[in-house]
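Participant: This structure is in structure tokens; I'll ask about it shortly.
Quick note: the coordinates plus some simple rules give every number you see, no bench work behind them. A quick note: this is a predicted structure, and the numbers were derived from the prediction, not measured. Virtual Cβ from ideal backbone geometry, glycine too; neighbours counted across all protein chains shown.
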Amino acid sequence: MLSKKLQEEINKQIAFEIYSALTYKAMQAYFEDEDLPGFSNWMDVQFQEEMFHANKFFRHVCEHGGRAALLPIEGARNEYSSPLEAFQVTLTHEQEVTARIGKLMDLAREEGDHAAQIMLQWFITEQVEEEATAGLIIRKLQRVEGDGRGLLMIDQELAQRVFAPPAGA
């Protein structure tokens, strides 16, 4: 049975995951406007992942005797000065997600909620990948800054990304 405190905190995380999804959808719109379809695709996949994450938290609450609640969600930022800035914001955002999940794990440990700990460990592993990927794209963008050909090469690379729900997640 999920404690009321953990339920409340996971419900906040559901809202934050949906906010994350909206953030990436807004970035997708920015990249569409910049005629960078590969970057747009990458952000669309990120949007889908975040919605998957929100649903994973939602299902956990429901399956463990809690009540999932959809809380108010802040509006997303819509303007960026460059692809580099958008990915710097992405990395900072993912670092915030990591910190929030870490706090959820601390709470689950305090309460001895083993099921929540297992679920949260999946997210911790996912966040390592999220931060590493954003960091790599930032470094690539820094290398090619001012070189349109390099930007287009990265755009082509990011166009290859597809969303595939993780097996067993």
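Participant: Can you find, within the stretch 149-169, the residue that is nearest to Glu34 (Cα to Cα) among those that are surrounded by 10 or more Cβ atoms within 10 Å (Cβ to Cβ) and charged (D, E, K, R)?
Facilitator: Applying the filter and picking the extreme gives Asp155.
Participant: Right, here's the next one. Kindly evaluate Glu79 against the criterion of being under 30 Å from His64 (Cβ atoms) and surrounded by fewer than 14 Cβ atoms within 10 Å (Cβ to Cβ).
Facilitator: Details: under 30 Å from His64 (Cβ atoms): no; surrounded by fewer than 14 Cβ atoms within 10 Å (Cβ to Cβ): yes.
Here the answer is no, as Glu79 does not meet what is asked.
Participant: Do we find a residue being closer than 21 Å to Lys25 by Cα, exposed (fewer than 14 other Cβ atoms within 10 Å of the Cβ) and of a type in the set (Gly, Ala, Ser) anywhere in the stretch 122-133?
Facilitator: Among the residues of the stretch 122-133, at least one is closer than 21 Å to Lys25 by Cα, exposed (fewer than 14 other Cβ atoms within 10 Å of the Cβ) and of a type in the set (Gly, Ala, Ser), which makes the answer yes.
Participant: Residues that are touching a helix residue (DSSP H, G or I) at 6+ places or on another chain (Cβ under 6 Å), aliphatic (A, V, I, L, M) and over 23 Å from Ile124 (Cβ atoms): find the helices (runs of 4 or more DSSP H) completely inside the stretch 1-113 holding 2 or more of those.
Facilitator: Values: elements: 4-33, 37-63, 83-110.
In the stretch 1-113, 83-110 are the helices (runs of 4 or more DSSP H) which contain 2 or more residues that are touching a helix residue (DSSP H, G or I) at 6+ places or on another chain (Cβ under 6 Å), aliphatic (A, V, I, L, M) and over 23 Å from Ile124 (Cβ atoms).
Participant: I would also like to ask the following. Which condition number does Met119 fail, the rest of (1) surrounded by fewer than 18 Cβ atoms within 10 Å (Cβ to Cβ); (2) farther than 23 Å from Val162 by Cα being met?
Facilitator: In the conditions (1) surrounded by fewer than 18 Cβ atoms within 10 Å (Cβ to Cβ); (2) farther than 23 Å from Val162 by Cα, Met119 misses (1) alone.
Participant: Right, something else. Return the residues of the stretch 89-133 that are basic (Lys, Arg) and touching a residue at least 12 places away in the same chain (Cβ under 8 Å); say none if nothing qualifies. Even if it seems obvious, please write down each step before you answer.
Facilitator: Let us first name the residues in the stretch 89-133 that are basic (Lys, Arg), namely 100, 103, 109.
The answer is Arg100, Lys103.
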